[in-house]
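Asks: Here it is, the structure in full.
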Amino acid sequence: MSGGNGSTDPAAALLDVRGLSVRFPTPRGLVHAVDDVSFTLETGETLGIVGESGSGKSVLARSIMRLTPSTAMTSGSVTFLGRDLGALAPRAARSVWGRDVAMVFQNPMTSLNPVMTIGRQLAEPLRLHLRSSKREARSRSVELLRSVGVPEPERRLDAYPQELSGGMRQRVSIAMAIACSPQLLLADEPTTALDVTIQRQILDLLSDLQRETHMAMVLITHDLGVVAGRARRVMVMYGGRVVETGPTESIFEDQRHPYTACLLAAVPRIEAPSHTRLAVIPGRPVDVVDPSPGCRFASRCPRAQPQCRHEDPPLRPVPERPEHSYACFFPVGSAEDRLALERHAVGDQARGG
Amino acid sequence: MSRVLPPEVPSSEIEDPSDPVGPDEGRSPIEEGGLGLLTTGTTGAGRRRRRRVAVWLAVGWLALVIGTALLADLLPLEPYDRIVRSLPPRSPIGLRLDEPLGTDGFGRSMASRLVYGARQSLLIAVVAASLAGAIGTVIGVVTGYMRGKVDETVGVLLDALLAFPALVLLMAIASIGRRDVTTVIVALSVLGVPGFARVARARTLALAEREFVMTARSMGATTWRIMFREILPNLMPVLLSVMLLVLAAFIVAEGTLSFVGLGVPPPQPSWGGMINEGRQSLRVAPQLIFTPAVCLVLTVMSFRVVGEWLGDRLDAGEGGR
Amino acid sequence: MLRYIAGKLARTVVVLLLVSFFTVVLLDLAPGDPAYAILGADARPDAVEAVHADLGLDRPIYERYADWLGDVVRGDFGTSYRANVSEAARVSVTDEITSALPITAELVVLSFLLALLAAVPIGVYAAYRKGGAFDRAASAVFSVLMSTPVYVTAPLLVFVLVLQAGLLPATGWVSLSDDPLENLRHVILPASALALEMVPGFAIVLRADMIGTLNEDFILQARAKGLSPATVLVRHALRPSSFSLLTMAGITLGKLIGGAVIVETLFAFPGLGSLLLESIQARDVNTVQGVVMFVALAYVLINGAVDLAYTYLDPRVRLRATA
């Protein structure tokens, strides 16, 4: 089930996730938030994880850092720098978080403690992991704020989060995350809650920091545009599963999974004539409570066939480019007549249903 | 005891878990974990089962207490006139075959005194709570519906009433009259009025916006008719739940009054009075204090359990509607 | 900001006036002639008349109240009128209050501290391990505690710790300045009895706030920084969760007066509580009014302090207030 995804030598990989599954019991049933996800990440590499809300991408990131609720049941392995993170004792694990692996959260309004000054929050990882003294931590904090583009850093140290704008707060969060020069940064929708103009600045900032420190990054987003040009590889998730993964250009130019195609098609294009209808994916995100077998996208897929509803499609590599894999029985671009058949079937369904 | 509301403190979101009447929400303070037996637990099913057991136990105890109190005269207990005699002090005899709970310092049957004391304490609590409920509800509905100057003036007066430390108010009122049951009832009622008024007012405010009130108004119903035929019946369930919690508080309050010498005068038995009297014999005969104390605690707990459960059911019903 | 304070001050004054007026009215309604209570049943008529004149009982209540108010503004709370106390031995109400105050103050402060000391860790841990065995056990215990009045817990504690174990003295008060250790031994039991009454309220409220806070993103962020659970709980979660606790503390103060009366009577402490009780029973108008006013004032001041504490705890409130 784990497809080839471009890693030449798993032993050299910075992060190696194998068969990770996360389930929660809820009053409605067992939620399969993440279902058998595998990928690897090299030093300095950027992986983009794309999916809508409910696709499991956030849960995936959090489960790497063991930040899931206590009721969550996790299986599979997460290996970082050769160490199995799942098997670490709590104290050992805590020496990894914030130091070697760090996370930036989506909403800068809520991810900073409102009753603590910026300075104190910044200093915490420094004093904890690097054993800095108060003075050292303070001067390093000023540097950090400067490096993320916060003006007047000394003043900001004594400010509270509410006194800063959203973009500034996110910069502070990033500063907090890179404080101990981590090798891996998990960025969970770092720009979603920000203005479009700020988004670009933040993403550029992240890229710059990466280049300087050779830090690997997992960039999680629902917006394909974010990963274009910034991630070397992209992993598309839907319903808790990986539906397509591979080098970014390959995905953009030669997408195989219908969901990926829909995602790309849904991006509005400025060249399109005015009043062009926005292409939408019909239906709503799938509810992954006690899911039945079969492709999770089947209910919304324009070319769904009976087989799709009964069998789980495995990840298969594209013959010409093995780093690019997809999980679909009837991928885009294969057998055009199949497509015609599907349209027929869709028409039938539309008339009958 | 009624809670003294601090002026201007943003307490509207704060619910005092031991206060029978919560803040302007009109619902009893069901905090998650307020009665952990009932509401915390790992799975919903386990919690519900535990809660049901607790509620049934509470109902059972209350039935026992109320039942024996009502049927006291028919039970094989020492008759009333025998237990209100003030005999010269005699050592309390422990458990005897014909006296399972022993006797008190005056040779009077504990079991009998407990039962008649239950009757006394319950009577006081029920009458006082009903009085406070009736008056408080009327005040609450009227001020809540009519708003304006009436609401403000009454509000200020009630605030002033609440600004008194509760015990001081109780003591002051109780010391005005003769020392007897009526005085106690009056004092407790006065104490309870602001609480009920607050609940009733809050609920009325919410209900006044609802459609059925608009409908009644458009059909030409008078203000009084709306208040008492439309709004009041809708308050009943909530008031019942609050009433149970107030009962619990009043049983405790009666004991407090006895303590400061203003409660039911001896030799009439009441749980509070028995606890107070038993103090002297703490060293030699602790059961004189602890038997009525246990009864009191169990009864108070039972009222709270049932009251909160009712409140929960009603909230769930409201939400579902 | 200034307007806000002025408004609150005005409201406070109104409330205090109403409270004192109610007190006078209530005491006036009480049956019995205070003169006879003071002088004894067989007092001479002219002595009775003198007392009447002294207390102003021959004048309407409004005049009496106005007089009293006028005196109060000048700091004079009048003299205390107790039965069988000769003219020369009468003390001023102010003196009475000042000698009784430290005792009650120590009792109240100590019980508050004890209650917080117990309630905070319990509330925090119960929220952290919500639904677990500790949480459920704590809730069950609280349920019982909330149904147990102080006049049951106090004798229970006395029975166990004094009579059975002989660890602490039963009654009596030893002043702090005389003998700190003895003072502590005498006050620890009553303070604990009072504290036990407050702990459930505090812990439950803290727990609820804490549970809400622990769901916030910034807690997740703190954990992602590698901080230990203890650090996250205490340094990050506790402060934002303290508001309900603070309000609760202010509210509980009102109930504490009642508890203090009972406890002081039980343990024979000459504090404000027993002073109040005695003076009500003795129809000692001046003392009653003095104590009630003092208590009401203290209550109001403390709530003011609570409001100030809000601004310290939550910079958001501070920013809003100055904006």
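Asks: I'm trying to understand the selection: among the residues of the range B:209-249, which are more than 30 Å from B:Phe303 (Cα to Cα), touching a residue at least 12 places away in the same chain (Cβ under 8 Å) and surrounded by 14 or more Cβ atoms within 10 Å (Cβ to Cβ)? I'd like the intermediate steps shown before the answer.
Replies: First, the residues of the range B:209-249 that are more than 30 Å from B:Phe303 (Cα to Cα): B:209-226.
Next cut, touching a residue at least 12 places away in the same chain (Cβ under 8 Å) only: B:212-213, B:216, B:223, B:226.
Those that are more than 30 Å from B:Phe303 (Cα to Cα), touching a residue at least 12 places away in the same chain (Cβ under 8 Å) and surrounded by 14 or more Cβ atoms within 10 Å (Cβ to Cβ): B:Val213, B:Ala216, B:Ile226.
Asks: For the range A:270-298, what are the residues that are surrounded by 10 or more Cβ atoms within 10 Å (Cβ to Cβ) and more than 24 Å from the chain's Cα centre (by Cα)?
Replies: A:Ala272, A:Thr276
Asks: Regarding C:Gly304, is this residue buried (at least 23 other Cβ atoms within 10 Å of the Cβ), of a type outside the set (A, V, I, L, M, F, W, C) and either outside any helix (DSSP H, G or I) or within 13 Å of chain B (Cβ to nearest Cβ) (or both)?
Replies: no
Asks: Which residue, of A:Pro293, A:Pro285, is touching a His at 6+ places or on another chain (Cβ under 7 Å) and either basic (Lys, Arg) or closer than 22 Å to A:Thr245 by Cβ (or both)? Step through it out loud before you land on a result.
Replies: On the way: A:Pro285 fails: touching a His at 6+ places or on another chain (Cβ under 7 Å).
Result: A:Pro293 is the single residue among A:Pro293, A:Pro285 that is touching a His at 6+ places or on another chain (Cβ under 7 Å) and either basic (Lys, Arg) or closer than 22 Å to A:Thr245 by Cβ (or both).
Asks: Go through C:Thr94, C:Thr98, C:Thr104 for me and flag whichever is at pLDDT 70 or above and surrounded by 19 or more Cβ atoms within 10 Å (Cβ to Cβ).
Replies: Just a single option satisfies the conditions, and that option is C:Thr104.
Asks: Same structure again: Which condition number in (1) under 20 Å from A:Thr245 (Cβ atoms); (2) surrounded by 18 or more Cβ atoms within 10 Å (Cβ to Cβ); (3) touching a Lys or Arg at 6+ places or on another chain (Cβ under 8 Å) is the one that A:Ser21 fails?
Replies: (3)
Asks: Sort out which residues of the range C:265-288 are within 11 Å of chain B (Cβ to nearest Cβ) and in contact with a helix residue (DSSP H, G or I) (Cβ under 7 Å, 6 or more places away or on another chain), and write them in order of number. Even if it seems obvious, please write down each step before you answer.
Replies: Within the range C:265-288, the subset within 11 Å of chain B (Cβ to nearest Cβ) is C:265-266, C:272-274, C:276-283, C:288.
Within the range C:265-288, C:Thr265, C:Leu266, C:Leu272, C:Gly273, C:Ser274, C:Leu276, C:Leu277, C:Ser279, C:Ile280, C:Ala282, C:Arg283, C:Val288 qualify.
Asks: Enumerate the strands (runs of 3 or more DSSP E) found wholly within the range A:197-275, keeping only those where 1 or more residues are touching a helix residue (DSSP H, G or I) at 6+ places or on another chain (Cβ under 7 Å) and closer than 16 Å to A:Phe297 by Cα. Give the derivation first.
Replies: Values: elements: A:216-221, A:233-238, A:241-247.
The qualifying strands (runs of 3 or more DSSP E) are A:233-238, A:241-247.
Asks: Ok, one more. Report yes if some residue within the range C:203-215 is over 30 Å from A:Ile178 (Cα atoms), at pLDDT 90 or above, of a type in the set (Val, Ile, Thr) and assigned to a helix (DSSP H, G or I); otherwise report no. Spell out the reasoning first.
Replies: Of all residues in the range C:203-215, those over 30 Å from A:Ile178 (Cα atoms) come to C:203-209.
With at pLDDT 90 or above added as a condition, the list becomes C:203-209.
With of a type in the set (Val, Ile, Thr) added as a condition, the list becomes C:204-205.
If we keep only those that are assigned to a helix (DSSP H, G or I) as well, we get C:204-205.
Yes, the range C:203-215 contains a residue that is over 30 Å from A:Ile178 (Cα atoms), at pLDDT 90 or above, of a type in the set (Val, Ile, Thr) and assigned to a helix (DSSP H, G or I).
Asks: Any residue in the range C:292-321 that's under 21 Å from C:Ser244 (Cβ atoms): show its pairings with residues that are modelled with pLDDT under 75 and hydrophobic (A, V, I, L, M, F, W, C) at Cβ separation under 6 Å, as long as the two are six or more apart or on different chains.
Replies: Listed pairs, sorted by first residue: C:Asn303/B:Val9; C:Tyr310/C:Val317; C:Thr311/C:Val317.
Asks: Could you say whether any residue in the range C:152-162 is under 29 Å from the mean Cα position of the chain (by Cα), within 7 Å of chain B (Cβ to nearest Cβ) and at pLDDT 90 or above?
Replies: As a first pass, look at the range C:152-162 and keep what is under 29 Å from the mean Cα position of the chain (by Cα): C:152-162.
Adding the requirement that they be within 7 Å of chain B (Cβ to nearest Cβ) leaves C:152, C:155, C:158-159.
Those left that are additionally at pLDDT 90 or above: C:152.
The answer is yes, given that some residue of the range C:152-162 is under 29 Å from the mean Cα position of the chain (by Cα), within 7 Å of chain B (Cβ to nearest Cβ) and at pLDDT 90 or above.
Asks: Same structure, new question: For B:Ala125, are the conditions met, namely being buried (at least 23 other Cβ atoms within 10 Å of the Cβ) and among the hydrophobic types (A, V, I, L, M, F, W, C)? Write out each step before concluding.
Replies: Values: buried (at least 23 other Cβ atoms within 10 Å of the Cβ): yes; among the hydrophobic types (A, V, I, L, M, F, W, C): yes.
Yes: the conditions hold for B:Ala125.
Asks: Continuing with this model, one more query. Testing C:Thr171 on (1) more than 10 Å from every other protein chain (Cβ to nearest Cβ); (2) within 30 Å of C:Gly212 (Cα to Cα), one condition comes back false. Which one is that?
Replies: The number of the failed condition is (2).
Asks: Taking into account only those residues within the range B:67-82 that are at pLDDT below 75 and not in a helix (DSSP H, G or I), which is surrounded by the fewest Cβ atoms within 10 Å (Cβ to Cβ)?
Replies: Only one residue fits best here, namely B:Pro76.
Asks: If you don't mind, there's one more thing I want to ask. Given the options A:Gly166, A:Gly119, A:Gly98, name the one that is touching a His at 6+ places or on another chain (Cβ under 7 Å) and either free of Cβ contacts under 8 Å to residues at least 12 places away in the same chain or within 14 Å of chain C (Cβ to nearest Cβ) (or both).
Replies: Working: A:Gly166 fails: touching a His at 6+ places or on another chain (Cβ under 7 Å); A:Gly119 fails: touching a His at 6+ places or on another chain (Cβ under 7 Å).
The conditions single out A:Gly98.
Asks: Further question: Consider A:Leu144 against the criteria (1) within 21 Å of C:Val232 (Cα to Cα); (2) surrounded by 19 or more Cβ atoms within 10 Å (Cβ to Cβ): it satisfies all of them except one. Which criterion is unmet?
Replies: (1)
Asks: Looking at the range A:25-44, can you tell me whether even one residue there is under 18 Å from C:Gln221 (Cα atoms), modelled with pLDDT of 85 or more and assigned to a loop (DSSP other than H, G, I, E, B)? Give the steps one after another, and end with the answer.
Replies: Step one: of the range A:25-44, the residues under 18 Å from C:Gln221 (Cα atoms) are none.
Among the residues of the range A:25-44, not one is under 18 Å from C:Gln221 (Cα atoms), modelled with pLDDT of 85 or more and assigned to a loop (DSSP other than H, G, I, E, B), which makes the answer no.
Asks: From B:Arg203, B:Arg198, which residue is crowded, with 22+ Cβ neighbours inside 10 Å, more than 11 Å from chain C (Cβ to nearest Cβ) and in contact with a Lys or Arg (Cβ under 9 Å, 6 or more places away or on another chain)?
Replies: Details: B:Arg198 fails: in contact with a Lys or Arg (Cβ under 9 Å, 6 or more places away or on another chain).
It is B:Arg203.
For every residue, the table says whether it meets (1) among the polar types (S, T, N, Q); (2) modelled with pLDDT under 75; (3) not in a helix (DSSP H, G or I).
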site: B:Ala221; (1), (2), (3): no, yes, yes
site: B:Val238; (1), (2), (3): no, no, no
site: B:Leu245; (1), (2), (3): no, no, no
site: B:Pro266; (1), (2), (3): no, no, yes
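Asks: List the pairs whose first member sits in the range A:221-232 and is over 18 Å from A:Ala266 (Cα atoms), whose second member is among the charged types (D, E, K, R) and modelled with pLDDT of 85 or more, and whose Cβ atoms are under 7 Å apart, counting only residues at least 6 apart or on separate chains?
Replies: Sorted first by the residue in the range A:221-232, then by its partner, the pairs are A:Arg232/A:Glu45.
Asks: Let me ask you something else. Within the group C:Ala165, C:Ala222, C:Ala203, C:Ala138, which residue is away from every other protein chain (no Cβ under 11 Å) and small (Gly, Ala, Ser)?
Replies: Values: C:Ala222 fails: away from every other protein chain (no Cβ under 11 Å); C:Ala203 fails: away from every other protein chain (no Cβ under 11 Å); C:Ala138 fails: away from every other protein chain (no Cβ under 11 Å).
Only one candidate passes the filter, namely C:Ala165.
Asks: For the range C:151-170, does any single residue satisfy the condition of being within 23 Å of C:Pro240 (Cα to Cα) and not in a loop (DSSP other than H, G, I, E, B)?
Replies: Just the residues of the range C:151-170 that are within 23 Å of C:Pro240 (Cα to Cα), to begin with: none.
No, the range C:151-170 has no match at all.
Asks: Next question, about the same structure. Is there a residue being touching a residue at least 24 places away in the same chain (Cβ under 8 Å), in a loop (DSSP other than H, G, I, E, B) and either within 14 Å of another protein chain (Cβ to nearest Cβ) or of a type in the set (Gly, Ala, Ser) (or both) anywhere in the range A:132-148?
Replies: Checking the range A:132-148: not a single residue is touching a residue at least 24 places away in the same chain (Cβ under 8 Å), in a loop (DSSP other than H, G, I, E, B) and either within 14 Å of another protein chain (Cβ to nearest Cβ) or of a type in the set (Gly, Ala, Ser) (or both).
Asks: Considering only the range B:184-224, state which residues are touching a helix residue (DSSP H, G or I) at 6+ places or on another chain (Cβ under 8 Å), more than 17 Å from B:Gly136 (Cα to Cα) and charged (D, E, K, R).
Replies: Result: B:Arg217, single match.
Asks: Residues to consider are B:Leu167, B:Leu162, B:Leu157; find the one that is within 14 Å of another protein chain (Cβ to nearest Cβ) and farther than 27 Å from B:Ser270 by Cβ. Spell out how you get there, then give the answer.
Replies: Values: B:Leu167 fails: farther than 27 Å from B:Ser270 by Cβ; B:Leu162 fails: farther than 27 Å from B:Ser270 by Cβ.
The match here is B:Leu157.
Asks: Also: For residues that are surrounded by fewer than 24 Cβ atoms within 10 Å (Cβ to Cβ) and more than 9 Å from chain C (Cβ to nearest Cβ), tally how many sit in the range B:265-287.
Replies: Number of matching residues: 10.
Asks: Further, regarding this structure: Filter the range A:67-121 for residues that are in contact with a Ser or Thr (Cβ under 8 Å, 6 or more places away or on another chain) and among the charged types (D, E, K, R); which is surrounded by the fewest Cβ atoms within 10 Å (Cβ to Cβ)?
Replies: Filtering first and then ranking leaves A:Arg91.
The values are calculated or read from the model by the stated rules, or taken from the named source; none is laboratory data. Owing to the predicted nature of the structure, the values given are computational and were not obtained by experimental measurement. Cβ: placed from backbone, ideal geometry, glycine included. Neighbour counts: every protein chain shown.
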